[in-house]
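K.L.:
One structure, pasted below without further comment.
The values are calculated or read from the model by the stated rules, or taken from the named source; none is laboratory data. Predicted, not measured: the structure shown is a model, and the values here were computed from it. Virtual Cβ from ideal backbone geometry, glycine too; neighbours counted across all protein chains shown. The accessibility values were calculated without ligands, DNA or RNA, using every heavy atom of the protein model including side chains. Shrake-Rupley method; radii C 1.70, N 1.55, O 1.52, S 1.80 Å.
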Amino acid sequence: MPIRILIVEDHQPTQELIREYLARDSKLKVVAETTDGAEAVTLAEQHRPDIVLMDIALKGMDGLKATKLIKKSCPTTEVIILTNYPLDDWKERARESPQMVQSSAFLSKQEIGKSLLPIINSLMAGKFGESDS
């Protein structure tokens with residue numbers, strides 16, 4: 001069974017880059033994409049993805065609020081927060097913000113090529129008790 005992924009990213013080139021990296025692994029299937037936090041919540045409820053790749057800075061409903069709502073309606077969905085901001089800043093904010101604690105991982109957009117697939121595989125290995133090693 002493929003790992004179902006929802007991409008939430010408002011920067012088209014980054015969205016395309018993510019899609020390109022995900023296509024490298026036949027176990028991964030993008031079930032939906034959006035540029036909007038509110039729509040992300042609706043799509044998550046509709047598709048029940050295993051993973052949401054969530055841009056933190058979205059117009060309208062930001063990625064933090066969308067994450068909180070997604071985790072409320074889809075508690076087993078893993079959320080990977082994507083950001084251009086320094087990760088140390090977000091990790092500090094995570095300690096202060098309940099919705100950020102609900103995210104599964106943080107990923108700098110500059111690290112997508114190097115770290116996206118390993119993070120997804122690590123999260124799914126923990127969830128399904130599998131490993132690529």
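K.L.:
Here are some pairs, Lys29/Lys72; Lys71/Lys109; Lys59/Lys109; Lys27/Lys71; Lys27/Lys59; Lys27/Lys109; which of them have Cα atoms lying more than 25 Å apart in this structure?
P.N.:
Going by Cα-Cα distance, Lys27/Lys59 fall outside the 25 Å limit.
K.L.:
Which residues' amide hydrogens lie under 5 Å from the amide hydrogen of Leu28, considering only partners 5 or more residues apart or on another chain, with H built in the peptide plane?
P.N.:
HN-HN under 5 Å from Leu28: Ile3.
K.L.:
How large is the accessible surface of Lys29 in square angstrom, using a 1.4 angstrom probe and rounding to the nearest 10?
P.N.:
110
K.L.:
Can I ask one more? Would you list Met124, Met1, Met61 from the most to the least accessible area, probe 1.4 Å? Spell out each step's value before the answer.
P.N.:
Values: Met124 5, Met1 200, Met61 45 Å².
The ordering from most to least exposed comes out as Met1, Met61, Met124.
K.L.:
Separate question: If you count only protein heavy atoms and use a 1.4 Å probe, how large is the accessible surface of Ser26, to the nearest 10 Å²?
P.N.:
Counting only protein heavy atoms, Ser26 exposes about 120 Å² to solvent.
K.L.:
Just to verify a number: FRET efficiency for Thr76 and Gln110, C-beta to C-beta distance, R0 = 30 Å, to 0.05? Before the final figure, lay out the partial values.
P.N.:
Values: r = 29 Å, r/R0 = 0.97.
Working from the Cβ atoms, E equals 0.55.
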